[in-house]
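Everything on this sheet refers to the single structure shown next.
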Amino acid sequence: MAKLSDEIIQKLKMFSGFYRLSSKERLQKIQKIIPELNDDEVSLLLNTGSLELTIINKMVENAVGSISVPFGLGVNFVINNKIYAVPMAVEEPSVIAAASSAAKLTLETGGFITSATEQIMMGQIQLLEIKNPELAISLISSNKDQIIEIANSNHPSLISHGGGVRDVKGKVLETRVGKMVICELFVDCCDAMGANAVSAMAEEVAPFLEDLTGGRALLRILSNLSDLRLARASCIIPKEKLGGETTVDNIVAACAFAETDPYRAATHNKGIMNGISSVILATANDTRAIEAGAHAYASITGHYGSLTKWIKNEMGDLEGSIEVPMAVGIVGGATKTNPIAKIALKIMAIKSAKELAQVAVAVGLAQNLGALRALSTSGIIKGHMRLHSKNVAISAGAQGELIDTIAQKMVEEKNVKFSRAKELLVELDVKK
């Protein structure tokens with residue numbers, strides 16, 4: 001077994017008590033380890049914009065700054081007969097443009113129709129070393145009311161808003177380490193995402209379950225596969241808006257490809273999440289939880305496939321639908337501590353977590369439509385590279401008017417590359 005060198009051990013000692021330091025002091029220590037990190041870069045890290053450094057230090061451990069992500073607005077969205085300008089935080093070119101363009105295609109037929117189920121999250125308690133698993137399941141069922149009472153007892157705020165545990169179920173799993181009993185709590189989280197509350201409830205009922213079943217509680221945690229907390233959206237696009245039935249047929253065939261082949265589905269669904277995750281990030285919700293739930297849901301049948309479905313209806317028009325787990329909140333957590341997130345919710349005039357979920361899923365459907373339309377006609381690269389060209393120009397060092405000039409030149413040449421941007425930057429500087 002390899003051992004760490006004395007030099008590495010000495011450097012690691014510098015992190016002793018790191019969490020007790022101020023952000024500036026942490027960066028000073030980092031500079032001793034990474035001398036290439038200069039004072040200007042440290043100042044840039046400490047300039048955290050709208051999110052104050054004191055707040056950041058309360059939100060994450062060992063904070064030294066924040067990273068900015070472009071924040072734009074998706075437009076042309078009419079959802080359940082309400083107009084939305086949708087905040088989207090994303091660094092990838094073409095995402096907001098594609099979603100806005102696709103949303104415009106739905107306006108003639110009324111925009112997006114959406115719905116959402118109750119805001120139910122699941123918490124799981126893993127019970128091991130149970131001699132009679134079937135008896136344990138029976139005991140969990142017969143003591144359901146007491147389990148609910150214990151789980152709800154420490155969460156008066158959630159209860160006062162109409163939430164709390166709605167049901168309790170048990171199941172037996174056959175695993176490679178033997179049988180285990182899983183007790184599941186089904187919690188109405190109202191307008192909160194609910195992760196902390198659900199996990200806390202799981203921990204609070206665990207001792208009672210141990211006494212009840214004679215087992216040993218191991219994991220006590222929520223599940224991010226929130227398949228009882230679904231958001232749905234649908235839309236219709238007239239064939240004329242797409243250039244005719246051939247494009248409709250092509251989009252349907254492209255979706256069928258993603259439904260059948262997991263390799264295609266992974267990219268297909270990533271495009272959907274480009275839209276959804278942008279809204280989730282803009283509102284300071286948990287992008288990782290939403291993405292984990294979505295991809296798990298895409299494979300819940302045992303086969304990983306498309307989260308959307310596109311068909312040609314009797315009129316020859318394109319109809320699309322999507323159904324995705326959507327555990328979002330508008331109260332608690334970063335949604336209330338991040339000022340930009342609060343502004344994002346205000347821009348949309350969001351009144352409930354259920355409404356936010358429906359907006360996010362509509363954006364996901366629009367994003368998918370935009371991608372499939374491009375793939376089925378001109379190809380994805382043409383539009384993407386046109387928008388990406390400005391990023392390439394900036395990364396090459398272009399500033400001011402040169403950004404647009406170099407970007408346009410690369411697009412005309414069909415040569416959107418960093419090396420070409422550097423060449424053009426030199427050429428145009430020389431001409432000046």
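The values are calculated or read from the model by the stated rules, or taken from the named source; none is laboratory data. The model shown is predicted, which means the values in this text are computed figures rather than measured ones. Here the Cβ is made from the backbone with ideal geometry for all residues, glycine too, and neighbour counts use every protein chain on show.
Applying the criterion of being closer than 14 Å to residue 272 by Cα and not in a helix (DSSP H, G or I) to the residues of the stretch 78-111, the residue that is farthest from the chain's Cα centre (by Cα) is 94. Determine whether residue 174 is acidic (Asp, Glu), over 16 Å from residue 211 (Cα atoms) and either surrounded by 15 or more Cβ atoms within 10 Å (Cβ to Cβ) or touching a residue at least 12 places away in the same chain (Cβ under 8 Å) (or both). Against the criterion (acidic (Asp, Glu), over 16 Å from residue 211 (Cα atoms) and either surrounded by 15 or more Cβ atoms within 10 Å (Cβ to Cβ) or touching a residue at least 12 places away in the same chain (Cβ under 8 Å) (or both)), residue 174 does not qualify. The lone criterion from (1) at pLDDT below 95; (2) of a type in the set (Lys, Arg); (3) farther than 21 Å from residue 71 by Cβ left unmet by residue 336 is number (3). Residue 75 meets the stated requirement of being under 31 Å from the mean Cα position of the chain (by Cα) and either outside any helix (DSSP H, G or I) or among the acidic types (Asp, Glu) (or both). Filter the stretch 393-432 down to the residues that are over 30 Å from the mean Cα position of the chain (by Cα), among the charged types (D, E, K, R) and not in a helix (DSSP H, G or I), then identify the one that is modelled with the lowest pLDDT. Out of the qualifying residues, it is 432.
The set of residues in the stretch 100-148 that are basic (Lys, Arg) and over 30 Å from residue 316 (Cα atoms) comprises 131, 144. Highlighted here are the helices (runs of 4 or more DSSP H) found entirely within the stretch 242-355 that include at least 1 residues which are aromatic (Phe, Trp, Tyr) and over 30 Å from residue 53 (Cβ atoms): 245-260, 262-282, 287-297.
Among the candidates 354, 382, 390, 346, the residue that is more than 30 Å from residue 320 (Cα to Cα) and either at pLDDT 95 or above or more than 23 Å from the chain's Cα centre (by Cα) (or both) is uniquely 390. Considering the stretch 129-171, the residues that are among the acidic types (Asp, Glu) and without any contact (Cβ under 8 Å) to a residue 12 or more places away in the chain include one that is nearest to residue 190 (Cα to Cα), namely 149. Any idea how many residues of the stretch 400-419 are over 10 Å from residue 389 (Cβ atoms), surrounded by 14 or more Cβ atoms within 10 Å (Cβ to Cβ) and among the basic types (Lys, Arg)? Selection size over the stretch 400-419: 0.
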